[in-house]
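Here's the structure, in structure tokens; my notes come after.
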Amino acid sequence: PTVTSPCKILKCNSEFWAATSGSHHLGTEEAPEFCTALRAYAHCTRRTARTCRGDLAYHSAAHGIDDLMAQHNCSKDGPTSQPRLRTLPPGDSQERSDSPEICHYEKSFHKHSAAPNYTHCGLFGDPHLRTFTDTFQTCKVQGAWPLIDNNYLNVQVTNTPVLPGSTATATSKLTIIFKSFQECVDQKVYQAEMDELPAAFADGSKNGGDKHGANSLKITEKVSGQHIEIQAKYIGTTIVVRQVGRYLTFAVRMPEEVVNAVEDRDSQGLYLCLRGCPLNQQIDFQTIRSAQATEGRARRKGPSLPASPEAFTYETATAKCREKLPVEDLYFQSCVFDLLTTGDVNFMLAAYYAFEDVKMLHSNKDKLHLYERTRDLAPGNTAPSGTPPALWVALLCLSQSWLCLL
């Protein structure tokens, strides 16, 4: 028998929509009626608060109610009413039954509410990590490490040495677990390894299972064996997985609310996309890159790699990366570093595709590029898109000249 969730937030949502979603938008003269329905909505959510603790839809509704109360100058004290029934157009009932509103994250926000704030995390190359807070790191992290671990999703990567005896590693295995969520999706596991990028979950399915909202979780194959995309609409999340050369890249777009949905916040210390790599696992690749540039030659690949290695100097690596990454940001610098340490031109493509995924997934187009100098600025700040690092520093000095005199 099917177990029904004790959390009744979906019922509260439906009643509020029935009361306020008529054939026309509520005008100013109907504000008292809207406030009455909103108070009824708040009362309904309070009744189910205990059984909905930790439920994403419940917390979205609670925050949305407060926002709407403020926007419409509604008093929290006043009459409540039973919602009026809305006559649904033909076919609408079936559509709602097949795709519950709870299974579409963005639709769960009322039309008057602010849009959710989306964040991005990516892992590629040797490996280079861009966290949800736009911190950029190069890490060793050999073995299995959790990238994401929250109430709805778990992502783990396994990194293996690129060269025997080298600290340079790259992602050879990726496991994504979508946890069962109300009437939307069953638990689903996706797993990719080197030379195996499936276009289906581990059980052979391509959606969320047998529940009503199963299509709110779907896998799409963009390029066979090279590029897949997973849409998890019920948590507003998009994941891109690629195989570039022998190794995997990962990129995700996720609402901030979902990112922070963790029961035990103390366990977030190993959540790489949120906290970054531990200090003892981080590599200062700028220092290494400078030494390599002075040295004037690259380390060669070992015999385990299938192709004949190409030896890069700092100059030839820079020229090669500039073919795909004309802006000398941290993606460009990562490309140079990876060519020098591995000699494998596929790492240039990994950096290129990682930046392409940022352009598609990052919600703030002013933060696409990251520069070395950003670590001297306040957290989260970046140089304007396309601005060379030296010019950015000069502009900073002009605006705060007293800093340059110290």
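Quick note: the coordinates plus some simple rules give every number you see, no bench work behind them. Model, not experiment: these values are computed from the prediction. Cβ coordinates were reconstructed from backbone atoms using ideal geometry, including for glycine residues, and neighbour counts include every protein chain displayed.
Taken along the Cα-to-beta-carbon direction at a fixed 7 Å, the label points for Ala319 and Gln187 span 5.4 nm.
Of the GluC sites (Glu not before Pro) in the range 174-279, the ones in a loop by DSSP (not H, G, I, E or B) with at most 12 other beta carbons within 10 Å are Glu263.
Extension gain for Asp366-Asn260 works out to 35.8 nm (0.36 nm per residue, less the C-alpha to C-alpha distance).
Our coupling estimate for the range 167-176, obtained by passing each phi through the Karplus curve with A = 6.51, B = -1.76, C = 1.60 and θ = phi - 60°, is 7, 6, 10, 8, 7, 10, 8, 9, 10, 10 Hz, Gly and Pro reported as x. Legend: distances between Cα atoms for Lys222/Lys320; Lys8/Lys365; Lys11/Lys365; Lys11/Lys211; Lys11/Lys76; pairs beyond 29 Å are Lys8/Lys365; Lys11/Lys365.
For the range 108-201, trypsin sites (Lys or Arg not before Pro) meeting the loop criterion (DSSP other than H, G, I, E, B) and having at most 10 other Cβ atoms within 10 Å: Lys111.
At an R0 of 45 angstrom, the distance between the Cβ atoms of Lys222 and Asn280 translates into a FRET efficiency of 0.75. For the pair Thr167 and Ser205, the difference between a 0.36 nm per residue extended length and the Cα-Cα distance amounts to 9.9 nm. Amide H to amide H, with H built 1.01 Å from N, Cys121 comes under 5 Å of Val252, counting only residues 5 or more places away or on other chains. Potential lengthening of the chain between His72 and Lys11 amounts to 19.6 nm, from the contour at 0.36 nm per residue minus the alpha-carbon distance.
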